[in-house]
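Remarks on the structure that follows.
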Amino acid sequence: KAGVTQTPRYLIKTRGQQVTLSCSPISGHRSVSWYQQTPGQGLQFLFEYFSETQRNKGNFPGRFSGRQFSNSRSEMNVSTLELGDSALYLCASSLAKAALNTEAFFGQGTRLTVV
Amino acid sequence: EDQVTQSPEALRLQEGESSSLNCSYTVSGLRGLFWYRQDPGKGPEFLFTLYSAGEEKEKERLKATLTKKESFLHITAPKPEDSATYLCAVQDSHYNQGGKLIFGQGTELSVKP
């Protein structure tokens, strides 16, 4: 079956601009999480959406936001881009059945470069 | 505060030379511990989930074990294609169900022929 799909794969943006990243989860998966990966900080949790509601949130500024649609697809938005936002942005999906711990499967990521 | 520490940061092995990677964690309550493999420029690939101390899981040359404070990823007779960064992550049961994973910094494994 198809895996997690992230678009676009690569982006170059200028400081001050905004950007929207997209994630299509594995069919049937209702939970979508977003992570930022940088060489210095590693993988850091941004937020998680489940049934169109933000369920968990990491320690990132309000410039980072997201949403989930009724078909479980998710988008992440970063406004007023800074140089430090350059990173690999990863999306992960999971079944997330109530009270069960399920594996998270990652997409290939979107490489964002801010110049 | 939840914390995951992996050691060593980098490991160089000869083909066939077995070794272990360590993942130490601090969480208020462990919901699960996950191992991932990541190749350069790609997303992490799921390997194992461990839920309780004493649990073990195997896949080809890899075997993951869990205690109350740490997990080990044992690599038996590694091959060059096992070269990658291995990531450990935990889920804290304190959080509202769901998918927040706390990652370690990873161990970069290089296997030379």
Determine whether B:Cys88 is at pLDDT 95 or above, within 11 Å of chain A (Cβ to nearest Cβ) and surrounded by 13 or more Cβ atoms within 10 Å (Cβ to Cβ). yes
Among A:Leu90, A:Leu46, which is the only one that is facing chain B (nearest Cβ under 9 Å), part of a strand (DSSP E or B), under 12 Å from the mean Cα position of the chain (by Cα) and within 18 Å of B:Leu101 (Cβ to Cβ)? A:Leu90
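To keep it simple, each residue is scored yes or no on (1) among the hydrophobic types (A, V, I, L, M, F, W, C); (2) within 11 Å of another protein chain (Cβ to nearest Cβ); (3) surrounded by fewer than 22 Cβ atoms within 10 Å (Cβ to Cβ).
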| residue | (1), (2), (3) |
| --- | --- |
| A:Trp34 | yes, yes, no |
| A:Arg55 | no, yes, yes |
| A:Pro61 | no, no, yes |
| A:Arg67 | no, no, yes |
| A:Ser70 | no, no, yes |
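Suppose we filter segment B:19-44 for residues that are of a type in the set (S, T, N, Q) and under 17 Å from B:Lys57 (Cβ atoms); how many remain?
Selection size over segment B:19-44: 2.
Please find, within segment B:17-32, the residue that is nearest to A:Phe45 (Cα to Cα) out of those that are at pLDDT 95 or above and either crowded, with 18+ Cβ neighbours inside 10 Å or in contact with a Ser or Thr (Cβ under 8 Å, 6 or more places away or on another chain) (or both).
As a first pass, look at segment B:17-32 and keep what is at pLDDT 95 or above: B:17-25.
Still in the list and also either crowded, with 18+ Cβ neighbours inside 10 Å or in contact with a Ser or Thr (Cβ under 8 Å, 6 or more places away or on another chain) (or both): B:18, B:21-25.
Details: B:Ser18: 32, B:Leu21: 23, B:Asn22: 22, B:Cys23: 19, B:Ser24: 19, B:Tyr25: 17 Å.
Restricting to residues being at pLDDT 95 or above and either crowded, with 18+ Cβ neighbours inside 10 Å or in contact with a Ser or Thr (Cβ under 8 Å, 6 or more places away or on another chain) (or both), the top hit is B:Tyr25.
Would you point out which residue out of B:Ala53, B:Ala64 is over 29 Å from A:Arg111 (Cβ atoms) and touching a His at 6+ places or on another chain (Cβ under 8 Å)?
B:Ala64
The rows are residues; the columns are (1) more than 10 Å from the chain's Cα centre (by Cα); (2) crowded, with 17+ Cβ neighbours inside 10 Å; (3) among the charged types (D, E, K, R).
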| position | (1), (2), (3) |
| --- | --- |
| B:Ala53 | yes, no, no |
| B:Lys69 | yes, no, yes |
| B:Pro80 | yes, no, no |
| B:Asp92 | yes, yes, yes |
| B:Gly99 | yes, yes, no |
| B:Gly106 | no, yes, no |
| B:Lys112 | yes, no, yes |
Just for segment A:6-26: of the residues that are under 11 Å from the mean Cα position of the chain (by Cα) and closer than 20 Å to B:Phe46 by Cβ, which one is farthest from the other protein chains (Cβ to nearest Cβ)? A:Ser24
Within segment A:19-29, track down each residue that is at pLDDT 95 or above and small (Gly, Ala, Ser). A:Ser22, A:Ser24
Working carefully through the options A:Gly16, A:Gly40, find the one that is modelled with pLDDT of 95 or more and either surrounded by 14 or more Cβ atoms within 10 Å (Cβ to Cβ) or farther than 19 Å from A:Phe105 by Cβ (or both). A:Gly16
Check off (1) more than 11 Å from every other protein chain (Cβ to nearest Cβ); (2) buried (at least 16 other Cβ atoms within 10 Å of the Cβ) for A:Ser79 and give me the number that stays unchecked. (2)
How many of the residues making up segment B:1-57 are small (Gly, Ala, Ser), within 11 Å of chain A (Cβ to nearest Cβ) and either in contact with a helix residue (DSSP H, G or I) (Cβ under 7 Å, 6 or more places away or on another chain) or over 17 Å from B:Ser71 (Cα atoms) (or both)? 2
Of the residues A:Gly40, A:Gly66, A:Gly84, only one is farther than 26 Å from B:Ser52 by Cα and part of a loop (DSSP other than H, G, I, E, B); which? A:Gly40
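The values are calculated or read from the model by the stated rules, or taken from the named source; none is laboratory data. This one's a predicted model, so the numbers in the text were calculated from it and none came from an experiment. Cβ coordinates were reconstructed from backbone atoms using ideal geometry, including for glycine residues, and neighbour counts include every protein chain displayed.
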